[in-house]
C-alpha cells in the first residue's frame with residue numbers, strides 16, 4: 001500500500017486536533033484503518049523509527065518524545081538483547097512502545113503503564129487503546145495498564161501479569177519528579193532479570209517542566225553503583241536542555257541499591 005502523505009494544510013488541522021486526541025483518542029480511533037497498514041509495514045526497529053519520524057499518519061499519532069539519535073541508539077541496544085519481557089513506565093503517545101515491539105522478541109510480553117491525566121505528557125484516552133494494541137507483532141502480548149505506577153495495586157497487577165517472569169528491559173519515563181522516578185525505580189527494580197537493561201529518560205539538565213528531578217536522581221543512582229554494574233549515557237548534546245537516556249546494564253552480581261526518595265532539593 002502506498003504511504004499516506006498528509007497535505008500541509010491538513011497537517012495543520014490534524015496537529016490542532018492531536019492535543020485533544022491524546023486525552024480522548026477519538027481521532028486515533030477514526031484513523032486506525034489508515035494507521036494499521038503503515039505500522040504493519042514497519043517490520044524492523046529501523047523501519048519503525050523511520051516511520052515515526054516521517055510525514056506519515058503514524059508520526060502524527062505516535063510521535064516519540066525523544067531525540068531520534070538517542071532513541072535509535074537505545075533501540076539498537078535493546079534489539080541486540082531481544083528481550084522477552086518488557087516493562088515501560090510512561091506510555092504517553094505510544095511512540096516508544098511502538099519501538100519496543102520491534103526490538104523485543106516476537107513472543108514478548110510487553111507491559112506499559114500510564115497515569116490518566118498525568119503530568120509530563122501522560123494520560124492517553126481510552127479510545128487510543130486499539131491503536132496501541134495494533135502495534136504488536138507475531139505472538140507478542142501487549143498489556144496496557146492505565147493507573148498510578150506508584151500504587152500498591154498497580155505493582156501487584158504487574159507482578160500478577162508477569163507470573164514469575166523477570167523483566168529483561170525496563171524503561172522508566174513516567175513521573176519525572178525526583179520522588180516519582182525514585183519510587184518507580186525502588187518499586188520495580190526487584191523485577192529485573194539477572195541479565196537485563198534498565199533505562200531512564202530525561203537525564204540531561206533542562207527546564208523543570210520537561211525533566212523534573214530525573215537528572216539529579218540519575219547522578220545519585222549512577223554514583224551509588226558498583227562493579228559489575230555498567231552505565232551508559234546516550235546523549236546527543238549535553239547542552240540540549242533536556243532529553244538524554246541513562247542506561248544500566250545489569251549483569252550477574254550487579255546489586256541495584258534502594259535509594260532514599262527524599263528530594264535533596266528540599267534540604
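The values are calculated or read from the model by the stated rules, or taken from the named source; none is laboratory data. Source: prediction; values computed, not measured. With ideal geometry, Cβ positions are generated from the backbone for all residues, glycine too; neighbour counts draw on all protein chains shown.
Per-structure values
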read-out: Residue within region 125-136 that is closer than 23 Å to residue 23 by Cβ, within 16 Å of the chain's Cα centre (by Cα), in a loop (DSSP other than H, G, I, E, B) and at pLDDT 95 or above present; value: yes
read-out: Which listed residue is over 27 Å from residue 200 (Cβ atoms), at pLDDT 90 or above, out of contact with any helix residue (DSSP H, G or I) (no Cβ under 8 Å at 6 or more places or on another chain) and part of a helix (DSSP H, G or I), from 16, 40; value: 40
read-out: Of all residues making up region 76-101, the number that are outside any loop (DSSP other than H, G, I, E, B) and surrounded by fewer than 21 Cβ atoms within 10 Å (Cβ to Cβ); value: 5
read-out: Residue satisfying condition, being under 18 Å from residue 100 (Cα atoms) and either in contact with a strand residue (DSSP E or B) (Cβ under 6 Å, 6 or more places away or on another chain) or not in a helix (DSSP H, G or I) (or both), within set 46, 70; value: 70
read-out: Qualifying positions in region 142-164 - touching a helix residue (DSSP H, G or I) at 6+ places or on another chain (Cβ under 9 Å) and closer than 22 Å to residue 103 by Cβ; value: 142, 143, 144, 145, 149, 158, 162
read-out: Which numbered condition residue 197 misses (of (1) over 17 Å from the mean Cα position of the chain (by Cα); (2) surrounded by 15 or more Cβ atoms within 10 Å (Cβ to Cβ); (3) not in a loop (DSSP other than H, G, I, E, B)); value: (1)
read-out: Among residues of region 160-183, those that are more than 20 Å from residue 253 (Cα to Cα), surrounded by fewer than 23 Cβ atoms within 10 Å (Cβ to Cβ), in contact (Cβ under 8 Å) with a residue 60 or more places away in the chain and in contact with a strand residue (DSSP E or B) (Cβ under 8 Å, 6 or more places away or on another chain), counted; value: 1
read-out: Index of the failed condition, residue 251 passing every other in (1) under 21 Å from the mean Cα position of the chain (by Cα); (2) within 18 Å of residue 170 (Cβ to Cβ); (3) surrounded by fewer than 17 Cβ atoms within 10 Å (Cβ to Cβ); value: (1)
read-out: Set 180, 253, 246: member being at pLDDT 95 or above and in contact with a helix residue (DSSP H, G or I) (Cβ under 8 Å, 6 or more places away or on another chain); value: 246
read-out: Set 228, 215: member being more than 20 Å from residue 171 (Cβ to Cβ) and out of contact with any helix residue (DSSP H, G or I) (no Cβ under 7 Å at 6 or more places or on another chain); value: 228
